[in-house]
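Here's the structure we're looking at; comments come further down.
The values are calculated or read from the model by the stated rules, or taken from the named source; none is laboratory data. What you see is a predicted model, and the numbers here were worked out from it, not measured in a lab. Virtual Cβ from ideal backbone geometry, glycine too; neighbours counted across all protein chains shown.
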């Protein structure tokens, strides 16, 4: 069967309303199955596909039509111009989280000779690994914690992929429960969606991102309260906490951290002019 004919059929089959470009997604999945460059698929529509590859391709189309994100089908997702392994136990990296990396790169503290960084709820490890790679120094020690062992396996796999595993430890921990060290920098993109609002999220998110990575409790602020309450004894003198926040949560999060005597030193908005990053000093 020619791929042009196959793509015509599958493009019609994709009915998921949130699929932004049905033809592109069909071509993308086909390039993945055939292990060919996407451009090659687009330009060579007279390529013949075997029955075996066709069957494999259609299985992935069915998965996509069920709402499963492309990243969860192929097992990786781009973040900060790098590909990271993901699975069903990890939150898909979001473009908004790249702003957290940009904000940290501006900090004077990252010029310290021996920097220690803790990532709370590390998931795929993409945030912590990207911070390390962007700072681009060997004398940085990074710890990523997560409650999910399957997520930590992916984080470790990503650190190995980039050849930096010697600078990293990934620990199964419920927030700070297994942490004994002190850090210069604590970072986190914690769950901040209100529990009652999860059902209103897109199918790709509510059905395929880990529930624990989304659920911020009834107020959406549960994780921030925990971090503010417990983090001080794990920060060095003048240590910093860098957080991603929901777009309407800035004032509430500031109040929470100021109630524990933290000082807000930085805030930033995303490309849509929505509040997205807060940084506090011990």
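Check residue 199 against each of (1) under 26 Å from residue 129 (Cα atoms); (2) out of contact with any helix residue (DSSP H, G or I) (no Cβ under 6 Å at 6 or more places or on another chain); (3) without any contact (Cβ under 8 Å) to a residue 12 or more places away in the chain and name the one condition it does not meet. In the conditions (1) under 26 Å from residue 129 (Cα atoms); (2) out of contact with any helix residue (DSSP H, G or I) (no Cβ under 6 Å at 6 or more places or on another chain); (3) without any contact (Cβ under 8 Å) to a residue 12 or more places away in the chain, residue 199 misses (1) alone.
If the condition is being assigned to a loop (DSSP other than H, G, I, E, B) and surrounded by 13 or more Cβ atoms within 10 Å (Cβ to Cβ), then the stretch 45-65 contributes 45, 47, 49.
Tell me which of these residue 236 doesn't satisfy, since it passes every other one: (1) in a loop (DSSP other than H, G, I, E, B); (2) touching a strand residue (DSSP E or B) at 6+ places or on another chain (Cβ under 6 Å). The one condition residue 236 does not meet is (1).
Listed here are the residues, each with its yes/no results for (1) touching a residue at least 24 places away in the same chain (Cβ under 8 Å); (2) farther than 21 Å from residue 207 by Cβ; (3) not assigned by TED's automatic domain parsing to the domain that holds residue 7.
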{"position": "29", "(1), (2), (3)": "yes, no, no"}
{"position": "33", "(1), (2), (3)": "yes, yes, no"}
{"position": "38", "(1), (2), (3)": "no, yes, no"}
{"position": "41", "(1), (2), (3)": "yes, yes, no"}
{"position": "45", "(1), (2), (3)": "yes, yes, no"}
{"position": "49", "(1), (2), (3)": "yes, yes, no"}
{"position": "52", "(1), (2), (3)": "no, yes, no"}
{"position": "55", "(1), (2), (3)": "no, yes, no"}
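Screening residue 119 with (1) over 30 Å from residue 62 (Cβ atoms); (2) part of a helix (DSSP H, G or I); (3) touching a strand residue (DSSP E or B) at 6+ places or on another chain (Cβ under 6 Å) gives one miss only, at (2). Those strands (runs of 3 or more DSSP E) of the stretch 138-191 in which at least 2 residues are exposed (fewer than 15 other Cβ atoms within 10 Å of the Cβ), considering only elements entirely within it, cover 168-172.
Within the stretch 217-253, the residues that satisfy the criterion of being more than 23 Å from the chain's Cα centre (by Cα), surrounded by fewer than 20 Cβ atoms within 10 Å (Cβ to Cβ) and under 22 Å from residue 106 (Cα atoms) are 236, 237, 238. Against the criterion of being within 27 Å of residue 212 (Cβ to Cβ) and either modelled with pLDDT of 90 or more or touching a strand residue (DSSP E or B) at 6+ places or on another chain (Cβ under 6 Å) (or both), residue 51 does not qualify. Taken together, the residues in the stretch 239-282 that are under 13 Å from residue 221 (Cβ atoms) and part of a loop (DSSP other than H, G, I, E, B) amount to 5.
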